[in-house]
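Asker: Just dropping this structure here.
Bear in mind that the values in this text are calculations on the coordinates, not laboratory data. Predicted model, so just to flag it, every value in this text is computed and none were measured. So basically every Cβ, Gly included, is an ideal-geometry build from the backbone, and we count neighbours across all protein chains shown.
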Amino acid sequence: MSSISENPQPMDFSGTEPSLSDGIILVDGQKFHISKTHLARHSVFFKNLFFERGFQEANQEVVEIKEVSAEGFQIFLELINGQNRLSDETIEAVTQCSSMWQAEIPMKRCIKYLKWKSKLPKNEKFLLADKLDLNMLTLWLLGEVQTKADLENLLPPLDISVFKPNTVELIAKKSLKLNGIQRPPRATVSLEDFLAPGKFTRKRGRSRERSPHRPAPMIFMPPFPVDRVPGAPPPQPNMP
């Protein structure tokens, strides 16, 4: 019995079978003959491009796509047609396509490849996850961290300020956990609101918002002169 080749040949999108395509996409000067319906089924971006009103590309014979490579688009098309030739050399380009075009199935296959098949160092995977907003991959990589040394090996040798705010927050939480520092759940009141003059008062360690309709506090005035004490005899007049 013949086995499936581990290194399949690239699929042909040159238009040799006209009955299988109804559109042409131009990427880096290379034409790809595609099925609009099939592409739209796998991508929200292409669904809107080809079938929503207001897009002039819907009626164009050739649609040019920029900011992606021809090789990345080739692998992307193969993924939605059942063939997987992902490699460490193409994974970034294909993942970027899948993210931009809101293509769920190719994106899941890219994440799966990065988790289990890629030979890239973990710190390169972490940097890629931050760059392309792959939150699922970021969480998975941090979930594998068990010690401080693991965290040091995971983080690229870069200043933490280069990461996106969400990634910085996840790194901070993991670091606190490794150091045995427990933090309370995220407060529902922002720090800016809490520190705003006159908006919040402190009472027994908790913040309490002052209602704008609450009346001003009343000042108690005693019903007797301040120099007299209730029950004490009245002062005697001075005798000449």
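Asker: Any idea how far the Cα center of region 116-170 sits from the one of region 6-67, in Å?
Answerer: 34 Å
Asker: If I histogram all Cα-Cα distances within region 10-105 using bins 5 Å wide from 0, what percent of pairs lands in each bin?
Answerer: 2, 13, 24, 29, 20, 8, 2, 0
Asker: For a protection proxy built on the mean count of beta-carbon atoms within 10 angstrom, sort 86-96, 140-150 highest first, please.
Answerer: Ranking, from highest mean packing down: 86-96, 140-150.
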